[in-house]
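Please treat every number below as a calculation from the coordinates, not as lab data. Computed from a predicted structure; not experimentally measured. All Cβ positions, even for glycine, are placed from backbone atoms using ideal geometry, and neighbour counts span all protein chains on display.
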Amino acid sequence: MKTQKKKDTIWKLHVRARLDSNPVNGTNGKGGGVLFDTYTAALLTCNPTAWSLLKLLSSGATLQELSLALTKEYEVSKKKADQDIQNLLKQLEYMGLIDSAKEEK
């Protein structure tokens, strides 16, 4: 799958991806969390920015929704938010943990 980022595409975590608030530091996801790949058994710790995006991606989100959430929560520019989103989607694509579907109109 090629991550051609279009505004009307809904991005969603693959079914094998599991999210859990970080059980180690007891922050209940406020400081990040863990992403578990049930296929490869990879366990990845996530910083707060990635965690915010992953929570949205667990139910599906467009690039615009992801960008709006980051700019609101972290008070960063749209350009910086979009760069962070692109980087995360590329990493998730590389690991096979992201799916995309055309938004229904």
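Highest mean first, how do 67-75, 47-55 rank when packing is the count of other Cβ atoms within 10 Å averaged over residues? Write down the numbers at each step before the final one.
Details: 67-75: 15.0, 47-55: 18.7.
The packing order, highest mean first, is 47-55, 67-75.
Starting from the Cα-Cα distance between Ala42 and Thr9, subtract it from 0.36 nm times their residue separation and give me the gain in nm to one decimal. Can you show the working numbers first?
Numbers: separation 33, 0.36 × 33 = 11.88 nm, distance 2.68 nm.
Stretched fully, the Ala42-Thr9 segment lengthens by 9.2 nm.
What are the semi-axes of the equivalent ellipsoid for region 9-102, taken as the square roots of 5 times the Cα gyration tensor eigenvalues, largest first, in whole Å? Kindly include the intermediate steps, with their values, before the conclusion.
Values: eigenvalues 80, 60, 21 Å².
In descending order, the three semi-axes are 20, 17, 10 Å.
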